[in-house]
1. Please identify every one of the trypsin sites (Lys or Arg not before Pro) in segment 198-302 that sits in a loop by DSSP and has no more than 16 other beta carbons within 10 Å of its own beta carbon.
2. Between Lys191 and Arg227, with labels modelled 7 Å along Cα→Cβ, what's the label distance in nm to one decimal, could you check?
3. At 0.36 nm per residue, minus the direct Cα-Cα distance, what do Asp325 and Glu369 gain on full extension? Give it in nm, one decimal, please.
4. Evaluate the distance, in nm, between pseudo-label points positioned 7 Å from the Cα of Trp143 and of Ala299 along their respective Cα→Cβ axes.
5. Using only DSSP helix segments of four residues or longer, with each worth -39500 (n - 2.57), what per-residue ellipticity at 222 nm results for the chain after dividing by its residue count and rounding to 500?
6. Mind running the shape call on segment 274-426? Use the C-alpha gyration tensor, a ≥ b ≥ c as the square roots of the eigenvalues: rounded below 1.5 for a/c, prolate if a/b tops b/c, oblate otherwise.
7. So if I restrict to the alpha-carbon atoms in segment 267-357, what is the Rg, and what is Dmax, the biggest pairwise distance, in Å?
8. Taking springs between alpha-carbon atoms closer than 10 angstrom, which of Met364, Met96, Met79 fluctuates most in the Gaussian network model of the chain?
Amino acid sequence: MISTSRWCRHESGKTCRLSSHSVAEKGAQDNGGFKMSGPLDGVRVIDLTTIYSGPIATSILGDHGADVVKIEAPGGEAMRPGFRHQRNGVSGPFAMMNRNKRSLVLDLSEDSGKRVLERLLAGGDVVVENFRPGVMERLGFGWDRLQTLNSRLIYASINGVGPTGPYANRRVYDAVIQAISGMASLQADPKVERPQMINTLMCDKLTSITAAQNICSALYAREKTGRGQRVEISMLDSSLFFLWPDSMGNFTFVGDDIPKTPYGSHAHFVRQTKDGYIATMPVQPAEWSGLFTALELDALLADERFATPRARQANSVLFQQLITDSYARFTTAELVERLSENEVPFAEINSREAVIEDPQVKAMGALVEFEHPFGGAMRQPRPPGRFSDTETDIFRCSPQLGEHTDDVLDEYGFDSDEIQELRDQGTVA
């Protein structure tokens, strides 16, 4: 591995320069940009998604080398300019969620636009949408129709709560799923028992990861069967699966023989020092012993009220007060040294600004800085998987609206006269 820079060229002639901490030496030129063969190289994805859950899922596929064509209505989707965090019309969220994609503007309200989509779907491997239930059918692209167009097509449908049931036709966003799934109640302040939302779009993002994984599984199954299939991913399914191992363990056993004990607050993981905050999470007996030593509380090891997890739970109020008072006697720097020496799992609490300069983040090369041709200097996390042979990376900056319309249509078999006619009709742009 070497430290290097790469360039992605936009049709405008402006260049996107990507500088990462570690990039594989091998690579090949593709459509004017430097592109290495990712694990999904050669997979064609038609992306009909908008906002968060769908675009993140398809960007993951793009990070892994798939050719993702983002289909946008004339005028583009709402996240292009975004609601904040934008420069020169390029929003930070859009740039992150739509990297490694090409853009094609297509008016699906017109029959001519639907005919174009037919041809794209006939030549694609995967189509992904996150419309409300019934929209694809109204457009004329329900699952039965898609099977006749392309029997090998993987159809991934991302939705809020599935296609049936009392909530199926509701408008659904992240906060709605946090409420239904119990996630908001888990965040309740133990002092006032008021439910709270997690301060990030947790349900959208974990659904996107679930969707990308399911699409890859469907592609693998197709290698064995030769057939595509429909994959339905709901935010509610994804969130319940995500919560269950640690947050809903009380409800794994059906019946009244297992007590439904309250879910413990995670507030105690964060402690205030003399001059800041630190997070600790001792789990193993040796880690608890190390914590007591670091805090000069060795006597607790011999105190039957605190010697075991069950005893600490039974005497929780007193135990937490002892621990809280002990943390407050030390500076953060002192505790970093003490906790490290005693092998206690810990970390200083980073502000969002501090994350950028964290020495471990830098050592991993977790963040990539590059010059976007329209958005200027940008910073994004690199794909989290590190492959030894099929490197994942940021191969292409987020596209301008309709930047690749002609190229995509040409690759899918449209000749120059057809493309011009579609432009004249306003079907594509």
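1. In loop regions of segment 198-302 (DSSP not H, G, I, E or B), the sparsely surrounded trypsin sites (Lys or Arg not before Pro) are Arg227, Lys260, Lys274.
2. In this crude spin-label approximation the distance works out to 5.9 nm.
3. Roughly 11.6 nm would be gained on extension.
4. 6.7
5. -10500 deg cm²/dmol
6. Verdict is prolate for segment 274-426.
7. That works out to 13.2, 44 Å for Rg and Dmax.
8. Of the options given, Met364 has the highest mean-square fluctuation.
Just so you know, all these numbers are worked out from the coordinates, no wet-lab data involved. The structure presented is a predicted model; accordingly, all values stated were derived computationally and were not measured. Methodologically, a virtual Cβ is constructed for each residue, glycine included, from the backbone with ideal geometry; neighbour enumeration extends over all protein chains shown.
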